[in-house]
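Trainee: Pasting in a structure now, in structure tokens, and then I'll have a few things to ask.
Coordinate-derived values only; no laboratory data. Because the structure is predicted, anything quoted here is derived from the model rather than measured. Note that each Cβ is placed from the backbone with ideal geometry, even for glycine, and that neighbours are counted across all protein chains shown.
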Amino acid sequence: MFAITGRMRRRLEARLWLTAGNSLRSGHPNAEPALRCTGAARYPVRVNGFRPLTRVVPREPRPLLGWGFSFYTSLLEGGRMTLRDTLEALKNEALEAVAACGDIKDLQALRVKYLGKKGPITEVLRGMGKLPKEERPIIGQLANDVRAAIQAAIEEKQKALEEREIQEKLASETIDVTLPGRTQPKGNRHPLTAVIEEIEDLFIGLGFSVAEGPEVEKDYYNFEALNIPKDHPARDMQDSFYITEDILLRTHTSPVQARTMEAHQGKGPVKIICPGKVYRRDTDDATHSHQFMQIEGLYVDRNVRLSDLKGILTIFAKKMFGEDRKIRLRPSFFPFTEPSVEMDISCFHCGGDGCRVCKQTGWIEILGAGMVHPNVLAMSGFDPEVYTGFAFGMGPERIAMLKYGIDDIRHFYTNDQRFLQQFKRA
Amino acid sequence: MNISYKWLNEYVDLTGVTPEELAEKITKAGIEVDQVFRPGEGIKGIVVGYVASCRPHPNADHLNLCQVDLGDETVQIVCGASNVAAGQKVVVAKVGAVLPGGVKIKRAKLRGEVSEGMICSLQELGVDPRFVPKEVADGIYILDEDAVVGDDALPYLNLDDAVLGLDILPNSAHCMNMIGAAYEVAAILDRDVRLPEPRVEESDRPASEKVSVAVEAPDGAPFYGARIIEGVKVAPSPKWLQNKLIAAGVRPINNIVDVTNYVLMEYGQPLHAFDYDQFGSDRVVVRRAREGETITTLDGVERTLSPEDLVITNGERPVAIAGVMGGADSEVTETTTTILLEAALFDARSVRRTSARLGLRTEASQRYEKGIDPNRVLLAADRAAALIADLAGGTVRKGVVRAGAYRAEPKIIEMPWTKINAVLGTALSQNDVLAVFRRLRFDARIEGETLVVAVPSRRPDVSIPEDLIEEVGRLYGYDHVPATLPDRASQGMLTAYQKKRRAVMRYMEGSGFYQAVNYSLTTEKKARSISYVEEAGHTPVRLAMPMSEDRSVLRLGLLPELLETVRYHLNRRINDIALYEIGKVFLTEEAALTDLPKERERLAGALTGRLRPTDWHHDARPVDFYAAKGVLEGLFDQLGLTERIEYRAASERTGMHPGRTADILLDGKVIGFVGQVHPTLQKTLDLTETVVFEVDVEALLKADVPPVRYQALPRYPAIARDIALVVDEAVTAGQLAAVIRASGGPLLKDIRLFDVYQGEHLPAGKKSLAFSLTYLDPERTLTDEEVAAVHERILAELKEKLGAVLRG
């Protein structure tokens, strides 16, 4: 079926395995060597400087042109033309045929026809013995030139045809790239989680750890350890969900601070932030929720100053709301800090000129803070003569509402997917 | 607390400081000014008019035709008020005038008579109806006779004032009165304070002839003083007094009550005026109430008292609840002629407790609760007595009848003065520090390194060195405090648990779930409607006083509220839902809590509808049990727990489909479940087919897993062999896999089920399961014979243990 000499075949195969093994194997593992070679035809592989495929040809090519090789030989034999003319005519005819060829298979046939072992050039060369000695090198040279010219033309044509074939294949494979792709459905985190994690990461970068504690808390940790004794007017500020007289839903995450300080047994530093859910007796409406999130921070050590609080909070404001933010501390009151402050940031919406977001003041209230009250330090086992500390607390809902322009706190707890999916990038 | 700018100006010179600037300064110094209210804002064209004549409208029953002199002209105004009369000075909105709310006054014709303007009531001028004096509540406002016709009427009504709304926190109670606010503003502006100096003209007859005072509960009432004023005539107060009270948000009643309220606002000292003749005796006895004792308070409500409450009695029955409200019986009325004026100190906690228990918060109780200045109790009594004598024409009897005593010496606080800079991070000099205390009018000096400050009794909120630091900080201004960073470096990071928890969340989101955050409070019925991880043995923790039944108990599991969220979406025709929640549940076995409940973190998910919407690639696939299970399997794999997890059919879980639910076991212990919601519950909740899971995320994240160790990659290829097995329907995939695993030996590396078939070509009651088994020896290439041997062994075991045969 395929004319290829035994020696050539072995050499060729060995080389093909090495050079294009994968492509061949992937074609068909049980394929005959010849078929493998067909597979190899798609991948130009050179064996000893030749395209191996020029040797892989049908034994009996389809007749392409009217005349067979015998025509030339008969011309020669008749002596009506010189060998030189014959070669010249052969070259012209071959080049024309190649130029007219429009199919790779046909081109293969031409190659065999003109350059094959039984082709006319071989025959010419074979007939050189009849020539005078001095002409032999000349004709030999000429025959080689003709062969090279035909070979070059075929190769060029081969390239052109392959290129055309590729182009046709590509054209037939063209798809509508605007059709939607295959996607994997993806959810995303809750916007409050996004805000909390951002704040956590920010403070972790500043050397804080994340501490957590129970949501159902003892009155002691929720109030008394924070300098809010029973009957203290401050308890008015936060009506609480009591379960028993001594157990309630925590109204802030400050009890985690008290518990953490207690666990440190009077040895600083304590440097934590405490995110979590808290609960207060509020009727749910656009700006109130009986359950909400809080993040509190605490830093207790020797020589902690209010100016350190200001420095840390300045970094927080800039990272969270933009590098241009300015902060302002206003005196305030919290039972567990003394002095107490509230922090405003310059409005990120108008830059401080006054707008709807900042209610024309240029400032937005973000959090409460202060220096830890000596009673709180002492109750949790820290000597207020040795240690000072600062604490701060903020509401992720408020921050998320400001940051994303959310107008109703209830959205956070309704969990509408159409709401949630707006925060994919958050 | 509402502070009238004009009134404040009587104590501190506010020249050059607008109300808005003042508000800003007060806020920056620590007391937030909520708003600056200008009651006359937007009002234009209001003048004083004189009603020259008034006659009934010829064509209307309730209208009057008034000729009103406006100074430069006299106009006819049709007026419907019943209290209009000739000779009155009234407030007239001229044609073209603008009233609050943008109401414009135009020339009009009423029943054929021209009306050129409007005679106004206080309500029409924007005064809150709650503060309008009774006598003019139903008609026009009548000015005093000395009002000048044609003048702008706003100053007569104090409507040109500005009112600052102060948000009083527990530490700023000292600003709950005009004098306290004046001290504060004087310190802020560094100006002087002008205080009233009450001088009472007393008669020779001692008050003690008329009344005696005894305090039987000195812990509740350290001091009680009483004055007697005789011969008063009860009448409406003059306009200046009414205007001030209205500005402060108090409704004028009569000259006696108004004076006590005025002094309350001015000094912060609550006072009470009893009608002496209705008091019921000449003995004031302050004591704890008796169980079940009742009193009808001024607001007409009968209140039952408890022994915790402190009451003023006439020796027999309560006539007032101390520090909260007086009784109706001894109320000052138009016929009152002798006043018993109470000026007392009551214990803050006692007042607070009573006021909270009765749900009765008054101007008096709010001040007692937060602590008042004992130094002012007698000053206030004198001030009120003098004003009553002046306005109601009475005579003040000599002396204050009193019981108990009080200490009002300044409190001395000492501290190293350098601590101020150490805490604030500032570099203040001694003079800077002393200047602040001078402005506050605290006596202060620095002796060596020690700062000694005498804090006056009007500032009970300042009691420890830190309070002094705060005073310095807030008046010096936190703007001047530098921003520094702590000296000591420290490292922070998430705990292993926190890191893993975040990874779980990211995994769920990557698997298509949106994170929900639900309320922890739910109803008992919901809490019990569907299984939770432990399944039984716990009581939902109940709030003592829930705000509503909907939010009355703490959740045992996350699913009830998560299903509620699913329903919310279905109601809005959002049918493809994938939600997860990670949060705490609250477990206790106690019916009444004596200790904190156990809090466990749970992960729950709910899926309904389609995993992904139909698109041009493929048809949508509805969610099912395996969709939820697959998500969990991926999670367990990520956590390195796959080998230790087991699924066990669970047919008894509340609210779950008995044939489509599995318990999830970690190391043999149930840590959760996955399954389809029971069709009955689905129907009750109006849900489509929904699959859910809930697992104890703490058990997952705290499970001990070996650290990640690299394993050398196999150098030899693995060999895969597929087997299709025919077994009885009842045989589970899990059983088959277990047998394969057990009999596979060390060469068997992986088992993957890739087909399940039942139906045609198989006998009834049989099913076929196809597995792909992967064999590998890391040390060498396996031969077909070796694999075949293991394979045969597996098949033999399968046949023997489960009757499985190779599918032909």
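Trainee: Note the direction-averaged projected area, equal to a quarter of the hull surface, for the Cα convex hull of the stretch A:309-388, in nm². Don't jump to the answer; show the numbers that get you there.
Mentor: On the way: hull surface 23.1 nm².
Reported value for the Cα convex hull: 5.8 nm².
Trainee: I need the calculated FRET efficiency for the pair residue B:240 and residue B:167, taking r as the beta carbon distance and R₀ as 22 Å, to the nearest 0.05.
Mentor: The formula returns an efficiency of 0.20 here.
Trainee: When the scattering of the stretch B:572-680 is computed by the Debye formula from its Cα atoms alone, each counted once and equally, what is log10 I(q)/I(0) at q = 0.15, 0.17, 0.22 Å⁻¹?
Mentor: The Cα Debye sum returns log10 ratios of -0.82, -0.99, -1.31.
Trainee: Take the Cβ-Cβ distance between residue B:283 and residue A:284 as r, set R0 to 56 Å, and report the resulting FRET efficiency rounded to the nearest 0.05.
Mentor: Efficiency computed from Cβ-Cβ geometry: 0.60.
Trainee: Sequence neighbours fewer than 8 away in the same chain don't count; with that in mind, list the aspartates and glutamates whose C-alpha is under 13 Å from residue B:370.
Mentor: A:231, A:236, B:347, B:461
Trainee: Give me the inter-chain shielding for A:412-423: mean count of other chain Cβ atoms within 10 Å, whole number please.
Mentor: Mean number of neighbouring Cβ atoms from other chains: 5.
Trainee: Can I ask one more? What do you get for Rg/Rh over the stretch B:253-335 if you use C-alpha atoms and the Kirkwood form of Rh? Walk me through the numbers on the way to the answer.
Mentor: On the way: Rg = 12.8 Å, Rh = 13.2 Å.
Dividing the radius of gyration by the Kirkwood radius yields 0.97.
Trainee: What number, rounded to the nearest 500 deg cm²/dmol, is the helix-based mean residue ellipticity at 222 nm of chain B, given -39500 (n - 2.57) per DSSP H run of at least four residues and division by all its residues?
Mentor: -7500 deg cm²/dmol
Trainee: Still on this structure, please answer the following. Step through the residues of the stretch B:319-335 one at a time and calculate ³J(HN,Hα) from phi using the Karplus curve (6.51 cos²θ - 1.76 cosθ + 1.60, θ = phi - 60°), rounding each to whole Hz and writing x for Gly and Pro.
Mentor: Taking θ as phi minus 60°, the curve returns 10, 6, 8, 3, x, 10, 7, x, x, 5, 4, 9, 5, 6, 10, 4, 8 Hz for the stretch B:319-335.
Trainee: Right, next: Any idea how far apart residue B:361 and residue B:617 come out in nm if each label point goes 7 Å out from Cα toward Cβ?
Mentor: Roughly 5.9 nm, to one decimal.
Trainee: Another question about this same structure. Does anything in the stretch A:214-228 have its amide N under 17 Å from the 7 Å Cα→Cβ label point of residue B:545, and if so which residues?
Mentor: The answer is A:219, whose backbone nitrogens lie closer than 17 Å to the label point.
Trainee: Averaging the inverse of every distinct alpha carbon separation and then flipping it gives the Kirkwood radius. What is it for the stretch B:457-611, in angstrom units?
Mentor: Working: mean 1/r = 0.0503 Å⁻¹.
Across the stretch B:457-611, the inverse of the average 1/r is 19.9 Å.
Trainee: Quick check on the stretch B:719-806: what does the Kirkwood estimate of hydrodynamic radius come out to from the alpha carbon pairs, in Å?
Mentor: 13.3
Trainee: If you don't mind, there's one more thing I want to ask. Which is the longest run of chain B containing none of the trypsin sites (Lys or Arg not before Pro) found in DSSP loop states (not H, G, I, E, B) with at most 12 other C-beta atoms within 10 Å?
Mentor: B:200-406
Trainee: Could you run the Karplus curve 6.51 cos²θ - 1.76 cosθ + 1.60 with θ = phi - 60° over the stretch B:144-158 and give me ³J(HN,Hα) per residue in whole Hz, x for Gly and Pro?
Mentor: 5, 5, 7, 5, 8, 4, x, 5, 4, 7, 4, x, 5, 9, 6
Trainee: Given q = 0.14 Å⁻¹, what are the Debye log10 I(q)/I(0) values for the stretch A:173-287, with equal point scatterers placed on the Cα positions and solvent ignored?
Mentor: Relative scattering, expressed as log10 I(q)/I(0), comes to -0.74.
Trainee: What's the extension gain from residue B:152 to residue B:503 if we count 0.36 nm per residue and subtract their Cα-Cα distance?
Mentor: Length gained between residue B:152 and residue B:503: 119.2 nm.
Trainee: Right, something else. If only Cα atoms are counted, what is the Rg of the stretch B:202-404, and what is its Dmax, in Å?
Mentor: 15.4, 44
Trainee: Going Cα to Cα from residue B:766, which lysines come in below 26 Å? Please leave out same-chain ones fewer than 8 positions away.
Mentor: Answer for residue B:766, where 26 Å is the Cα cut-off: B:629, B:799, B:801, listed by chain and number.
Trainee: Given a cut-off of under 8 Å on Cα pairs at least six residues apart, what relative contact order in percent is computed for the stretch B:719-806? Write out the running numbers ahead of the final one.
Mentor: Details: 130 pairs, mean separation 37.9, N = 88.
Contact order relative to length: 43 percent.
Trainee: Cross-link partners among lysines for residue B:233, C-alpha distance below 22 Å, same-chain residues fewer than 8 apart left out?
Mentor: Answer for residue B:233, where 22 Å is the Cα cut-off: B:134, B:210, B:244, B:398, listed by chain and number.
Trainee: Pull out a ≥ b ≥ c, the square roots of the eigenvalues of the alpha-carbon gyration tensor of the stretch B:12-53, then state rounded if a/c is under 1.5, prolate if not and a/b is larger than b/c, and oblate in the remaining case.
Mentor: It comes out prolate by the Cα gyration axes.
Trainee: Additional query: Given the convex hull of the Cα atoms of chain B, what is a quarter of its surface area in nm²?
Mentor: For the Cα atoms of chain B, the hull's average projected area reads 55.8 nm².
Trainee: When Cβ neighbours within 10 Å are restricted to other protein chains, what is their mean count per residue of peptide B:348-357? Could you put the intermediate results ahead of the total?
Mentor: Details: counts 3, 5, 1, 0, 5, 2, 0, 0, 3, 0.
Mean partner shielding for this stretch: 2.
Trainee: How big is the equivalent ellipsoid of the stretch B:294-450 along its three axes, where each semi-axis is √(5λ) from the Cα gyration tensor, reported in whole Å from largest to smallest? Before the final figure, lay out each step's value.
Mentor: Numbers: eigenvalues 353, 92, 35 Å².
The answer is 42, 21, 13 Å, longest axis first.
Trainee: At a temperature of 20 °C and a viscosity of 1.002 mPa s, determine how fast the protein assembly as shown diffuses translationally according to Stokes-Einstein, using the Kirkwood radius over alpha-carbon pairs as Rh; express D in µm²/s, rounded to the nearest whole number.
Mentor: 54
Trainee: A further question follows. Across peptide B:495-505, how many C-beta atoms of other chains are within 10 Å of each residue C-beta, on average?
Mentor: What the average comes to for B:495-505 is 2.
Trainee: Could I ask something else about it? Given all pairs of different Cα atoms, what value in angstroms does the Kirkwood hydrodynamic radius of the stretch B:44-157 take?
Mentor: 13.9
Trainee: How about the stretch A:323-426: which GluC sites (Glu not before Pro) there lie in a loop by DSSP and see at most 10 other Cβ atoms within 10 Å?
Mentor: Here the GluC sites (Glu not before Pro) that fit, given the DSSP loop and packing criteria, are A:323, A:385.
Trainee: Which GluC sites (Glu not before Pro) in the stretch B:641-720 pass both tests, a DSSP loop state and at most 15 other beta-carbon atoms within 10 Å? Spell out each step's value before the answer.
Mentor: Working: sites: B:643, B:646, B:652, B:689, B:694, B:698; in loops: B:652, B:689.
Sites meeting the loop and neighbour criteria: B:652.
Trainee: Kirkwood-based Rg over Rh for the stretch A:107-180 (C-alpha set), two decimals? The partial results should precede the final answer.
Mentor: Working: Rg = 20.7 Å, Rh = 15.2 Å.
That ratio equals 1.36.
Trainee: How do A:350, B:79, B:175 rank when sorted from fewest to most other Cβ atoms within 10 Å of their own Cβ? Please list the in-between numbers first.
Mentor: Numbers: A:350 14, B:79 26, B:175 23.
Ordered from fewest to most neighbouring Cβ atoms within 10 Å, A:350, B:79, B:175 come out as A:350, B:175, B:79.
Trainee: Would you please give the residues with an amide H less than 5 Å from that of residue B:749, counting only those at least 5 places away or on a separate chain, with H modeled from the backbone geometry?
Mentor: B:774, B:775, B:776
Trainee: Counting other C-beta atoms within 10 Å, and keeping those with at most 12, which DSSP coil GluC sites (Glu not before Pro) do you find in the stretch B:438-515?
Mentor: Answer by residue number: B:449.
Trainee: Here is a further query. Can you work out the FRET efficiency for the pair residue B:712 and residue B:732, with r the C-beta to C-beta distance and R0 = 41 Å, to the nearest 0.05?
Mentor: 0.70
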